[in-house]
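Here is the structure we will look at.
The values are calculated or read from the model by the stated rules, or taken from the named source; none is laboratory data. From a predicted model like this one, the values you see are computed outputs, not experimental measurements. Cβ: placed from backbone, ideal geometry, glycine included. Neighbour counts: every protein chain shown.
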């Protein structure tokens with residue numbers, strides 16, 4: 001008796017999970033973000049902030065304000081550059097000296113030009129409140145004492161590309177002023193919406209096609225796309241494919257069968273026809289899990305291919321795929337269908353009376369496992 005193998009291709013499941021977190025500190029119609037890095041460029045809220053310093057600077061915390069210490073041992077400054085520009089900043093100041101030990105004042109520049117302060121900040125109750133000079137700089141009132149004066153949330157409302165805060169030593173040896181800077185960003189309205197779909201179990205060779213996201217909210221510069229990714233802990237860093245529709249195929253060069261992948265809608269600023277992954281308002285929808293499963297295979301084998309006329313033959317079967325398996329075979333005994341709960345089993349083939357001597361063939365004509373059906 002000849003043994004025969006009937007092979008089926010493999011198919012896999014793809015799963016998508018999306019987790020997205022946005023900062024939520026909202027005052028009025030503005031989300032506020034504190035700048036904390038001492039140098040270099042960092043994305044803060046809705047903008048990239050580049051921090052540079054000149055002269056005597058450092059870091060400190062005073063009355064809860066941090067981290068910029070300006071002028072601890074001589075005149076110094078911090079400059080903040082914004083790309084894109086911001087519309088408002090709040091500046092809090094602590095430890096401004098005006099006493100016998102030393103006198104200092106804070107001067108401000110917006111976009112390279114001197115900016116006179118006209119609106120005082122709030123008294124924070126931590127130290128005596130500061131004052132505005134006739135020139136529009138900030139000093140402590142005379143006799144503020146060694147502890148220094150403070151002010152909370154001095155507001156500057158302008159289109160701000162650069163902000164420079166300089167501590168100018170006027171006499172003797174002040175100890176410097178601690179400065180906190182908070183920027184205003186418009187609240188994010190971008191919403192990638194929801195994809196209404198259950199988890200998807202697919203077979204190798206199939207294409208997953210999900211419903212389009214609903215309840216999306218896009219501003220006039222936003223784009224909605226769909227991503228296929230592999231790591232729930234690194235959504236953006238593990239993107240395998242991007243598409244303008246929620247449709248993805250299996251790529252054997254970058255993917256594996258039987259592995260969970262993830263699909264989600266992605267919304268953000270349009271950057272040359274793709275969603276800008278650095279958009280601070282980037283938003284992800286819910287996640288749909290998809291797995292491509294391999295197609296099952298079956299192999300036939302016999303211990304002894306010789307069988308006497310009128311006798312039955314026991315054939316061993318071995319499967320790959322996911323149990324249970326339903327196997328249909330054609331043989332001299334006709335077409336039979338059997339279900340196997342495990343990866344191995346046996347078939348009994350009994351040629352009918354009158355079958356002539358000689359070899360006969362057993363052929364698998366259909367095979368189905370828990371996920372996939374072979375044609």
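Worth a mention:
- Verdict on residue 166 being touching a residue at least 24 places away in the same chain (Cβ under 8 Å), under 23 Å from residue 83 (Cα atoms) and exposed (fewer than 15 other Cβ atoms within 10 Å of the Cβ): no
- Members of segment 116-127 found to be free of Cβ contacts under 8 Å to residues at least 60 places away in the same chain and either surrounded by 18 or more Cβ atoms within 10 Å (Cβ to Cβ) or outside the structural domain of residue 154 (by TED's automatic domain parsing) (or both), listed by number: 117, 121
- For segment 216-230, the tally of residues that are part of a loop (DSSP other than H, G, I, E, B) and at pLDDT below 95 stands at 4.
- Residue in segment 58-78 that is touching a strand residue (DSSP E or B) at 6+ places or on another chain (Cβ under 6 Å), within 12 Å of residue 179 (Cα to Cα) and without any contact (Cβ under 8 Å) to a residue 24 or more places away in the chain present: yes
- Residue, surrounded by the most Cβ atoms within 10 Å (Cβ to Cβ), within segment 230-249, restricted to residues that are within 13 Å of residue 261 (Cα to Cα) and over 10 Å from the mean Cα position of the chain (by Cα): 248
- Filter result for residue 336 (surrounded by 12 or more Cβ atoms within 10 Å (Cβ to Cβ), assigned to a strand (DSSP E or B) and without any contact (Cβ under 8 Å) to a residue 60 or more places away in the chain): yes
- Screening segment 101-215 for strands (runs of 3 or more DSSP E) wholly inside it with 3 or more residues that are under 40 Å from the mean Cα position of the chain (by Cα) and over 29 Å from residue 52 (Cβ atoms) returns the ranges 200-203.
- Elements of type strands (runs of 3 or more DSSP E) contained in segment 1-76, each with 1 or more residues being farther than 20 Å from residue 106 by Cβ and at pLDDT 90 or above: 30-34, 40-44, 47-55
- Test result for residue 208, crowded, with 22+ Cβ neighbours inside 10 Å, at negative phi and not assigned by TED's automatic domain parsing to the domain that holds residue 285: no
- Residue within segment 231-252 that is over 30 Å from residue 83 (Cα atoms), in contact with a helix residue (DSSP H, G or I) (Cβ under 8 Å, 6 or more places away or on another chain), modelled with pLDDT of 95 or more and part of a loop (DSSP other than H, G, I, E, B) present: yes
- Checked against (1) surrounded by 22 or more Cβ atoms within 10 Å (Cβ to Cβ); (2) touching a helix residue (DSSP H, G or I) at 6+ places or on another chain (Cβ under 7 Å), residue 267 passes all but a single condition, namely (2).
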